[in-house]
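Here the structure comes first, spelled out in structure tokens, and everything after it is commentary.
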Amino acid sequence: NFNITREDWVSRFTYDYDKRYFLDISGAYNGSEKYGKNYRFDVFPAVAAGWTLTNESFMDEVKKKWLNKLKIRGSYGLIGDDRGGSRFEYQRTWNIGGGAFINNNATNQSSPYTFIREGNVGNPNLQWETAIKYNIGAELGLFNNAITAEFDYFGEDRSNILIPSSQRAVPEWFGANPPSFNGGETEVRGYEITLAANHTFGNGLNIFGNL
């Protein structure tokens, strides 16, 4: 047995200016043993930014009346996934077998020849599955945060999904199990809305709810 090997380098830069502007930049440099030397390592960057408008001076008058918090934010990034497939699928392998048996109607004799057959066809172009993920959101607070709300719209475009041998259609005369290949794609779109209310009466009784 061989040890499973991975190599991962991660970096991150975060910046906050006066609780108004926010920036987050990150990146990963990943390597996986499941791919050949041309595709083994890849870079996966991501960036996120936010702006709290209610911390700007031009919002002071509005904040005094009814608006406590208004923040908009967004993120965009590329991630990699190597969980699909098996080890060493990118390599062509050969199996060495013993001599075949020959039936001469008298006795089964072993052939003196050693036979070599192709065990795994291999695909040297196997590479990381990748997904572009993005999100746009807003946060809102009203009437001394008695009412709060959050809205998020998100998406994911995944490509290079590994199609295994069992799902490939090849002619019978191919003579072997076909190798896996990066050919699948999926798209995801969605949104999430959160509404909340919170109020404390003069006698200390507090009621709150989330939807």
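The values are calculated or read from the model by the stated rules, or taken from the named source; none is laboratory data. Remember, it's a predicted structure, so these values are computed and weren't measured experimentally. These accessible areas exclude ligands, DNA and RNA; they are computed on the full protein's heavy atoms, side chains included. Shrake-Rupley method; radii C 1.70, N 1.55, O 1.52, S 1.80 Å.
Things worth noting here:
- Exposure of residue 72 as accessible area (Å², to 10), given a probe of 1.4 Å and all protein chains: 80 Å²
- Solvent exposure of the chain as accessible area per residue, Å², 1.4 Å probe: 71 Å²
- Backbone geometry of segment 61-68 corresponds, through the Karplus equation with coefficients 6.51, -1.76 and 1.60 at θ = phi - 60°, to 3J(HN,Hα) couplings of 5, 5, 4, 5, 8, 8, 9, 9 Hz, x marking Gly and Pro.
- Hits among lysines - C-alpha to C-alpha of residue 64 under 29 Å, sequence gap 8 or more where chains match: 19
- Dividing the mean sequence gap of close Cα pairs (under 8 Å, 6+ apart) by how many residues segment 148-202 holds gives a relative contact order of 53 percent.
- Gyration tensor over alpha-carbon atoms, the chain, equivalent ellipsoid semi-axes in Å: 61, 19, 14
- With the gyration tensor restricted to C-alpha atoms of segment 33-75, the semi-axes of the equivalent ellipsoid amount to 47, 8, 4 Å, longest first.
- Flagged links, alpha-carbon separation over 31 Å, of 65/133; 71/133; 34/71: 65/133; 34/71
- Across 60, 24, the residue with the most accessible area heads the list, and the full order at a 1.4 Å probe is 60, 24.
- Over segment 22-85, relative contact order from alpha-carbon pairs under 8 Å, at least 6 apart, %: 33 percent
- Taking all protein chains together and a 1.4 Å probe, the residues 113, 35 rank 113, 35 from largest to smallest accessible area.
- The figure for residue 6 is an accessible area of roughly 110 square angstrom, using a 1.4 Å probe on the protein chains alone.
- Computed over segment 1-98, Cα set: Rg, Dmax in Å: 23.5, 88
- Per-residue ellipticity at 222 nm computed for the chain from its helices equals -500 deg cm²/dmol, with DSSP H segments shorter than 4 residues left out and the rest contributing -39,500 (n - 2.57).
- Volume in Å³ per residue [convex hull over Cα atoms, computed for segment 1-58]: 91 Å³
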